[in-house]
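Following: one structure in structure tokens, then a few remarks.
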Amino acid sequence: MQKMCFPCCFGRSCLLPNQGYLSEAGASIIDRKLELNIVPNTKVVALASDTFNYTKFDRAKAKSVKFATERFPDTLGKKMKQGLPPKVGSFQVFVNGYKDADAWIRRFQEEPLPPKMKEHFQRLFERLVCLDYIIRNTDRGNDNWLIKYDKTQDDPEKAIFVAAIDNGLAFPFKHPDEWRAYPYYWAWLPNASEPFSDETRDLLLHKLKDLELVQDMIDELCRLFKCDKSFDKDLQHRQVAVMRGQILNLCQALEEKKTPLQLVQMPLLRIESEGKGKGKSPFIQKFQDKYPLFSSC
């Protein structure tokens, strides 16, 4: 009853719970494989620190072990492991000199970019669109991707950069189909009404149509997701089915030179594995037949 009356208090039903750290690292894998170069390098690590949240028991145990090993270094000190237990999470390279995209976009409206800068920014924006669409990012507002702009540089590639951070709510096992649609907020920007450029098509289309490359990317994601103690193979297959459907739509949009806005308006689908059989396709295409109540939030 509580979940029905207050759905926003219970997370996103299309995502696996407590796997944001894997989603962050997964986005970095996609970025690297497709050579987008917009996601700061992100890995899954195990770290311990006094500043982390630990139970009183863990802190008391660590204190007792430290006392025992210091008191008896030749006996207990060689057998007992000191320190607080490590916590597993994602670790991302910090980027300097960037600001929220929302702030820069407002400024660009008042002070338009020079033509070459504008063109280069559009290419970077398209890379963000492709990344978010493939991983089906359910939390992309204009305040959680970053822009860096140095007016003193004449070379666009040295003057303006985009960083796609905050990718922890991606890789759903189904398309949103209950209360909220979790739209991509960049779809309402003027940049989203520009057709995909030839540069973006040349960068991505041949990669996304390469079945071996896509499978290699999926295999690496699967190895990552298996790190979680609650890993579920069936749910992981459903995550892959959603991603394959997104890739198919993106390929079509790039081939037909659609705009990012037209891309997000395409019918949602999943590409599910049917296994291998004589005269049988290994995949089956299924369209989304249920949609969320609210489409703008």
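Remarks
- Computed over segment 173-285, the alpha-carbon pair-distance distribution with 5 angstrom bins reads 2, 10, 16, 20, 20, 16, 10, 5, 1, 0, each value a whole percent.
- With helices as the sole contributors, the chain gives -13000 deg cm²/dmol at 222 nm; each DSSP H run of n ≥ 4 counts as -39500 (n - 2.57), and the sum is divided by every residue.
- Three-way shape label, segment 178-228, alpha-carbon gyration tensor, a/c 1.5: oblate
- Folded to 0 to 90 degrees: helix 56-71 orientation relative to the chain principal axis, Cα: 50 degrees
- Accessible area per residue in Å² at 1.4 Å probe, computed on the chain: 58 Å²
- Calculated FRET value between Gln252 and Glu157, using beta carbons and R₀ = 30 Å, to 0.05: 0.55
- Net charge of neighbours whose Cβ lies under 9 Å from the Cβ of Gln92, counting Lys and Arg as +1 and Asp and Glu as -1: 0
- Heavy atoms of Asp155 accessible to a 1.4 Å probe, total area in Å² rounded to 10: 70 Å²
- Using alpha-carbon coordinates, inclination of helix 20-33 to the longest axis of the chain, degrees: 50 degrees
- Of all accessible heavy-atom area on the chain, the percent that carbon and sulfur account for (1.4 Å): 53 percent
- For the chain, the direction-averaged projected area of the alpha-carbon convex hull comes to 21.8 nm².
The values are calculated or read from the model by the stated rules, or taken from the named source; none is laboratory data. On a predicted model such as this, the values are computed, not experimentally measured, just so you know. Note: ideal-geometry Cβ built from the backbone for every residue, glycine included; neighbour counts use all protein chains shown. The area values use the complete protein model at the heavy-atom level, side chains included, leaving out ligands, DNA and RNA. Shrake-Rupley method; radii C 1.70, N 1.55, O 1.52, S 1.80 Å.
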